[in-house]
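FYI, it's all coordinate maths here, none of it is from the lab. The structure displayed is predicted, hence computed values, not measured ones. Using ideal geometry, Cβ is built from the backbone for each residue, glycine included, and neighbour counts are taken over all protein chains shown.
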Amino acid sequence: MIEVATNTRTAQAYRAAHAERSAVFVAIFGWIFRKRHVPLSRVALTEPPRCA
């Protein structure tokens with residue numbers, strides 16, 4: 001969408017809105033693609049399956 005400001009106050013409002021929108025997108029993508037710490041026991045990863 002192309003936004004054209006007709007005065008200085010509107011231009012400042014557009015800049016503030018774009019900054020807020022950018023911060024929200026960064027937060028959302030940061031939350032989606034964050035690294036999750038999953039504590040796993042080393043034994044659990046090397047034990048053979050028990051269903052044999």
Mean Cβ neighbour count within 10 Å, used as a protection proxy, ranking 13-20, 28-35 highest first = 13-20, 28-35
Theoretical gain in end-to-end length, Phe33 to Ile2 [0.36 nm per residue, Cα-Cα removed] | 8.2 nm
Distance in nm between label sites at Arg21 and Cys51, each 7 Å beyond Cα in the beta-carbon direction?
-> 4.9 nm
